[in-house]
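Peer 1: Submitted below is the structure of interest, expressed as structure tokens.
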Amino acid sequence: MTLPRQRIAILGGGPGGYEAALVAAQLGADVTVVDSDGLGGACVLTDCVPSKSLIETSNAMTLLNRSSELGIASGGLHTVNAVRLYERITDLARAQSRDITTRIAAENIKVIQGHGRLDGPGTVQAGDQTIKADAILIATGALPRVLPGAEPDGERILTWRQLYDLTELPRELIVVGSGVTGAEFAGAYQALGSRVTLVSSRDRVLPQEDEDAANLIEDVFRRSGMRVLSQSRAHAVSRDRDGVTVTLADGRTVRGSHCLMTVGMVPRTEGCGLDAAGVTVDKHGFIEVDRVSRTSVPGVYAAGDCTGVLMLASVAAMQGRVAMWHALGESVHPIRLNHVAATIFTNPEIATVGVSQRAVDAGEVAARSQTLPLATNPRAKMAGFREGFVKLFTSPGTGVILGGVIVAPRASELILAVAVAMEQRLTAEQLAQTFTVYPSLSGSITETARRLMEFKDLQSRTGRARAPLNARGAPGPGRPAPPARAGAAGTPGCRRRTSRRCPRCRAGTAPAPRCGSTAPRAAAPARRRTAASR
Ligand SMILES: Cc1cc2nc3c(=O)[nH]c(=O)nc-3n(C[C@H](O)[C@H](O)[C@H](O)COP(=O)(O)OP(=O)(O)OC[C@H]3O[C@@H](n4cnc5c(N)ncnc54)[C@H](O)[C@@H]3O)c2cc1C
């Protein structure tokens, strides 16, 4: 007898919704996605993908403007073709949405275009269609928050979703809000050639982020010519024919050609029938969920920005997958938010994972830390990168990596090494002993780990005290190495005991037949490279 297929209904086709749909289809469920604006959601169509595409162009501009420093003679001033730039961005976003639509169709997932809402137990209504489901996922995302007195008009006062409809680069852009979105756009437009004023209600930009990283970015901003107004709360924004005026809470005014509002997000749940269904929301309207994405109503799950849990595409996607694994009876690990790697795409980028300096300073986490400026890195010198650093946190005593902050070009790629170390509970010693390419920016990660190694780390890993090594790698200053012990080093099971190196694991010291190692025979030492071998 075959069991009936589980029916899943999903409201919203962003990362929270479509990633969940793929998992549910993979598990054999009958899946329907209701989406109003296009698969990929705001992530693909208006937020993450377009902004990162814009930032790619702004980074290219920064590089072009430094070309003479790198020995390139260029013909003159580089300028942006705004129409071409925005066209490229919207084309890219639509193409990405099409790719997702193709993938969803290939998995036989039904898509209904329109607004959906909960309509009684196990029921979703989308226009005149009624969908019966065993489990429902709400992944309807969030909308830009609108400040009363600063309502966007789509021409001069803008949300980030309206930027790509412009036909020119804002001449003088005022960015209100210095959180992640504000900082990313302010940096990008300054690099593209706009004169940017960043209005921050706090005493520094990126107030929620690592202070060293935020101060570095603010310094970069100011040196690029950006005007940063700290402790300046925007009270109202008005427009006239050719410009905007931002009035600050203390009465000062700032004049510009355009104003970009980046003052947060509100959940997009209006008209979704949450109240009637009894789904609990918090005081800001975000849907309350537990670590496997369950809401207060059995059989109703929620994922992504509408839950207000770390508003990142990666988190939305994981919440959606976790919901489906749970709903369809698979074994599931509750989501671990302290393992989420995140990046702020300024130039240089700020990437973080694990414990924060703030938690360490507040005494919430015991950690040792080490910071290494990027300026010491040979690859950074070659590329002319001056700003940035690697910071690692380890657990005192065990030396286990607890997290890190990397400020560097492409820090979003570099942070993976720290995330893997943290996920796998590696120690600073283990990270330090990993080969990195020379020259490479990742060399600064292992070098930072090396500076964090301590005698206790070695002790904790082996379970007994080990003498510190001298310059030749022997224990203690000038002391002879003790005879090698069975299994003391090399591959598991190696039993060599005599003075020759084991050809398999290179550790023990006995004739070959006595080596119990199952590892493949160790490769001969690499031949030195000569100029002729290239
Ligand atoms: C400027 C900006 C840049 C960002 N950059 C990054 C980044 O670099 N990396 C990162 O990880 N995150 C980034 N984010 C965050 C990321 O975009 C969001 O976390 C992600 O979009 C959340 O996905 P979601 O599925 O919850 O919602 P969304 O992507 O908003 O998708 C929700 C979908 O639901 C649909 N919908 C809404 N209501 C209904 C309804 N009632 N019925 C049917 N459909 C409905 C909408 O049309 C939409 O398609 C950025 C955000 C912003 C604002």
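Peer 1: Give me the distance in nm between label points sitting 7 Å out from Cα along the Cα-to-Cβ direction at Arg195 and Val83, one decimal.
Peer 2: In this crude spin-label approximation the distance works out to 2.6 nm.
Peer 1: Moving on to the next point. With label points built 7 Å along Cα→Cβ from the Cα atoms of Glu168 and Arg451, find their separation and express it in nm.
Peer 2: 4.8 nm
Peer 1: Could you sort Trp325, Trp160 by their accessible area in this structure, using a 1.4 Å probe and putting the largest first?
Peer 2: Most to least solvent-accessible, the answer reads Trp325, Trp160.
Peer 1: How large is ³J(HN,Hα) for each residue in region 55-62, as worked out from phi by the Karplus curve 6.51 cos²θ - 1.76 cosθ + 1.60 (θ = phi - 60°), to whole Hz, x for Gly and Pro?
Peer 2: 5, 4, 5, 5, 5, 5, 5, 4
Peer 1: Determine the gain in length on full extension of the stretch Gln433-Asp99; use 0.36 nm per residue of separation and subtract their C-alpha separation, reporting nm with one decimal.
Peer 2: 116.1 nm
Peer 1: What is the percent carbon and sulfur in the accessible area of region 257-348, measuring with a 1.4 Å probe over the protein chains and ignoring ligands?
Peer 2: C and S fraction of accessible area: 53 percent.
Peer 1: Provide the gained length on full extension for the span Glu107 to Asp153, in nm with one decimal, where the gain is 0.36 nm per separating residue minus the Cα-Cα distance.
Peer 2: 12.5 nm
Peer 1: Given a 1.4 Å probe and every protein chain left where it sits, what share in percent of the accessible area of region 1-149 is carbon and sulfur?
Peer 2: 53 percent
Peer 1: Search the structure for amide H atoms under 5 Å from the amide H of Gly264, placed 1.01 Å from N in the peptide plane, and list their residues when 5 or more places away or on another chain.
Peer 2: For Gly264, whose amide H was placed from the backbone, the distant partners under 5 Å are Arg145.
Peer 1: Run the reach check for Lys391 against lysines, Cα to Cα strictly under 22 Å, same-chain hits fewer than 8 apart removed. What comes back?
Peer 2: Here the lysines satisfying the reach criterion relative to Lys391 are Lys381, Lys456.
Peer 1: Apply the Karplus curve 6.51 cos²θ - 1.76 cosθ + 1.60, θ = phi - 60°, to the phi angles in region 291-302 and return the couplings in whole Hz, x for Gly and Pro.
Peer 2: With coefficients 6.51, -1.76 and 1.60, one gets 7, 10, 6, 6, 8, 6, 9, x, x, 10, 10, 9 Hz.
Peer 1: Kindly report the accessible area of region 203-278 per residue (heavy atoms of protein chains, probe 1.4 Å, no ligands, DNA or RNA), in Å².
Peer 2: With the other protein chains kept in place, region 203-278 gives 50 Å² per residue.
Peer 1: Given 0.36 nm per residue, what is the gain on full extension from Leu70 to Thr130 after removing their alpha carbon distance, in nm?
Peer 2: Between Leu70 and Thr130, full extension yields an extra 15.4 nm.
Peer 1: Next question. Using alpha carbon centroids, what distance separates region 123-180 and region 38-83, in Å?
Peer 2: Region 123-180 and region 38-83 have Cα centres separated by 23 Å.
Peer 1: How large is the accessible surface of Thr197 in square angstrom, using a 1.4 angstrom probe and rounding to the nearest 10?
Peer 2: Probe radius 1.4 Å; accessible area of Thr197 about 10 Å².
Peer 1: Another one. Using a cut-off of 11 Å between beta-carbons, work out the net charge of the residues near Leu173 (Lys and Arg +1, Asp and Glu -1, Leu173 not included).
Peer 2: Neighbour charge sum, excluding Leu173 itself: +3.
Peer 1: Then there's this: Work through the residues other than Asp305 whose Cβ is under 13 Å from its Cβ and net out their charges, Lys, Arg +1 and Asp, Glu -1.
Peer 2: Net charge around Asp305: +1.
Peer 1: Excluding ligands, DNA and RNA, what is the solvent-accessible area per residue of region 116-191 at a probe of 1.4 Å, expressed in Å²?
Peer 2: I get 38 Å² per residue for this part.
Peer 1: In addition: Rounded to whole Å and ordered largest first, report the semi-axes of the equivalent ellipsoid of region 243-309 derived from its Cα gyration tensor (root of 5λ).
Peer 2: 38, 11, 11
Peer 1: Same structure, new question: Just to verify a number: what accessible area does Lys381 come out at with the full protein assembly present, 1.4 Å probe, Å² rounded to tens?
Peer 2: Lys381 exposes around 130 Å² with every protein chain in place.
Peer 1: Can you give the accessible area per residue of region 311-465, in Å², using a 1.4 Å probe?
Peer 2: Ligands and nucleic acids excluded, the figure is 47 Å² per residue.
Peer 1: How large is ³J(HN,Hα), in whole Hz, for each residue of region 384-391 in order, when computed from phi with the Karplus curve 6.51 cos²θ - 1.76 cosθ + 1.60 and θ = phi - 60°, using x for Gly and Pro?
Peer 2: These are the phi-based 3J(HN,Hα) values: x, 7, 10, 8, x, 6, 10, 10 Hz.
Peer 1: A further question on this structure: Just the accessible area for Ser68, please: 1.4 Å probe, Å², rounded to the nearest 10?
Peer 2: Number for this one is 90 Å².
Peer 1: If I take R0 = 35 Å and measure r between the Cβ atoms of Ser314 and Ala236 in this structure, what FRET efficiency does the formula 1/(1 + (r/R0)^6) give, to the nearest 0.05?
Peer 2: So the FRET efficiency works out to roughly 0.45.
Peer 1: Next question, about the same structure. Treat each spin label as a single point 7 Å out from the Cα along the C-beta direction, and report the Glu413 to Thr398 distance in nm.
Peer 2: Label-label distance for Glu413 and Thr398, simple model: 3.2 nm.
The values are calculated or read from the model by the stated rules, or taken from the named source; none is laboratory data. Note that the structure is predicted; figures quoted are calculated from it, not measured. Cβ atoms come from the backbone with ideal geometry, glycine included; neighbour counts cover every protein chain shown. In case anyone asks, the SASA skips ligands and DNA or RNA and just uses the protein heavy atoms, side chains included. Shrake-Rupley method; radii C 1.70, N 1.55, O 1.52, S 1.80 Å.
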